[in-house]
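Written out below as structure tokens is the structure these notes cover.
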Amino acid sequence: MAICDGPWTMTLVNDDGGKGSDIFVFKNITVTGTTFTGEVFDRTGMGTRISLLTGTCEDLATGNPRLTRLTFQFRLPARTGGEVGMFLAGVGFPPAMGNAQFLGRFRAYTPDRFTPSFDTAEALVIMLDVGDTGTGTGMQALPS
């Protein structure tokens, strides 16, 4: 399903504005059925990989791609040191013209063995702790 293929440019904004916001690029997405894997990069999408990415993607109504449920799971650095797992869930929808859009919410959690691995915290603005919540909005890049 095209909306699942990415890549996505995703903006995460913490509910507590003092903890920042940042832009990430989810790319190199490989879809298998209703699940996918990929990678998380900084706002340029060209720099150092931050984390691996896993997720799910499925139509909310069978056979109707107008509204798609998406989840994204990855890791970020924690404000107090270490790492936090990130779970982002919401809906993707194709507008009449242009790129598909995503609207969702995130929650930071204590990462476990199922949370994709973390590479680097280079040049990130947003710094979260377990329990932090916020919004996630994004736009799918059109294929070149």
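None of the figures in this text is laboratory data; all of them are computed from the coordinates on show. This one's a predicted model, so the numbers in the text were calculated from it and none came from an experiment. Backbone-built Cβ (ideal geometry, glycine too); neighbour counts: all protein chains shown.
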- Net charge near M10: determine it from the other residues with C-beta under 13 Å of the C-beta of M10, scoring Lys and Arg +1 and Asp and Glu -1. 0
- Name the long-range amide H neighbours of R79: under 5 Å, sequence gap of 5 or more, or other chain; modelled H, no Pro or chain starts. L128, D129
- Query: Per-residue HN-Hα couplings for the stretch 8-14, Karplus 6.51 cos²θ - 1.76 cosθ + 1.60 at θ = phi - 60°, whole Hz, x for Gly and Pro?
  - Reply: 10, 9, 10, 9, 10, 10, 5
- How would you rank S117, S51, going from fewest to most other Cβ atoms within 10 Å of each one's own Cβ? S117, S51
- So how much slack lies between V13 and E58, counting 0.36 nm per residue of separation and subtracting their Cα-Cα distance, in nm? 13.7 nm
